[in-house]
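Take a look at the structure below.
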Ligand SMILES: [Zn+2]
């Protein structure tokens, strides 16, 4: 059953990341008529909202874009930082959307930031407990299953709060890009939307996977306690 769960969740996230890559590869070839770069769009959004303490950086790698709230850094991959495609502008505006959430103390982002520490511990636990558990006698079976269920629950809740954070950043990006004219209405807007919607799907896949693992360990926990 564990193997089946592993295969299904791996297939789900592979499918989601395949979809985002194909949408991105396709629409990073479509230039936006505004001629702006991703960095310019991000800077314009920050300026329009009087955000002065967030800096924009370029980083190597493919789809390495993110917003770092701890250091107030908006990080764009080089192809989106310098790029003028509808995909580049969409991603840049999405990351700027996270900076807006941060400025406006958007609650799910606050929760997500607060949960980063415990989530790091939980991911260490789910990695180490099965390894330690393999050495018979080192860890009581019921205790190990309970620890795994709790840690998976933490990871699942983290993925759950990530959903509103990501969907809201994308909604903000679409609204701003349409409002400022950085993306033309019609086909440019639709292309940009396809990239961002595909990216949102990867977060849904991550949540579904974490929920499946959490339920799996809860089930094993209840089976173990019935066997007593
Ligand atoms: Zn995001």
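The values are calculated or read from the model by the stated rules, or taken from the named source; none is laboratory data. Bear in mind that the values here come from a model prediction, so they are computed numbers and not experimental data. Counting neighbours? That spans all protein chains shown, and the Cβs are built from the backbone with ideal geometry, glycine included.
Can you name every residue in the range 77-93 that is within 12 Å of the ligand (Cβ to nearest atom), touching a strand residue (DSSP E or B) at 6+ places or on another chain (Cβ under 9 Å) and either over 15 Å from residue 29 (Cβ atoms) or not in a helix (DSSP H, G or I) (or both)? If the condition is that a residue be within 12 Å of the ligand (Cβ to nearest atom), touching a strand residue (DSSP E or B) at 6+ places or on another chain (Cβ under 9 Å) and either over 15 Å from residue 29 (Cβ atoms) or not in a helix (DSSP H, G or I) (or both), then 92 is the only one that fits. Does residue 32 satisfy the condition of being at pLDDT 95 or above and away from the ligand (no atom under 16 Å from the Cβ)? For residue 32, the condition - at pLDDT 95 or above and away from the ligand (no atom under 16 Å from the Cβ) - is met. All conditions in (1) in contact (Cβ under 8 Å) with a residue 40 or more places away in the chain; (2) assigned to a helix (DSSP H, G or I); (3) more than 16 Å from the chain's Cα centre (by Cα); (4) surrounded by fewer than 14 Cβ atoms within 10 Å (Cβ to Cβ) hold for residue 35, with the sole exception of (2).
Scanning the range 65-72 finds one or more residues that are more than 17 Å from residue 201 (Cα to Cα), assigned to a strand (DSSP E or B) and without any contact (Cβ under 8 Å) to a residue 24 or more places away in the chain. In this structure, is residue 63 within 16 Å of the ligand (Cβ to nearest atom) and crowded, with 18+ Cβ neighbours inside 10 Å? No; evaluated as a whole, the condition is false for this residue.
For the range 152-165, the condition of being within 16 Å of the ligand (Cβ to nearest atom), touching a residue at least 60 places away in the same chain (Cβ under 8 Å) and more than 30 Å from residue 217 (Cα to Cα) holds for none of the residues.
In this entry, residue 151 is excluded by the filter for residues that are touching a strand residue (DSSP E or B) at 6+ places or on another chain (Cβ under 9 Å) and within 30 Å of residue 114 (Cβ to Cβ).
Out of 187, 193, one residue alone is surrounded by 15 or more Cβ atoms within 10 Å (Cβ to Cβ), over 24 Å from residue 69 (Cβ atoms) and either within 16 Å of the ligand (Cβ to nearest atom) or free of Cβ contacts under 8 Å to residues at least 12 places away in the same chain (or both). It is 193. Considered as a group, the residues in the range 94-117 that are out of contact with any helix residue (DSSP H, G or I) (no Cβ under 6 Å at 6 or more places or on another chain) and farther than 30 Å from residue 27 by Cβ include one that is farthest from the ligand (Cβ to nearest atom), and that residue is 117.
Among the candidates 206, 171, the residue that is surrounded by fewer than 19 Cβ atoms within 10 Å (Cβ to Cβ), within 16 Å of the ligand (Cβ to nearest atom) and either without any contact (Cβ under 8 Å) to a residue 12 or more places away in the chain or part of a helix (DSSP H, G or I) (or both) is uniquely 171.
Out of curiosity, is residue 133 closer than 22 Å to residue 225 by Cα, at pLDDT 95 or above, out of contact with any strand residue (DSSP E or B) (no Cβ under 6 Å at 6 or more places or on another chain) and away from the ligand (no atom under 14 Å from the Cβ)? The answer is no for residue 133.
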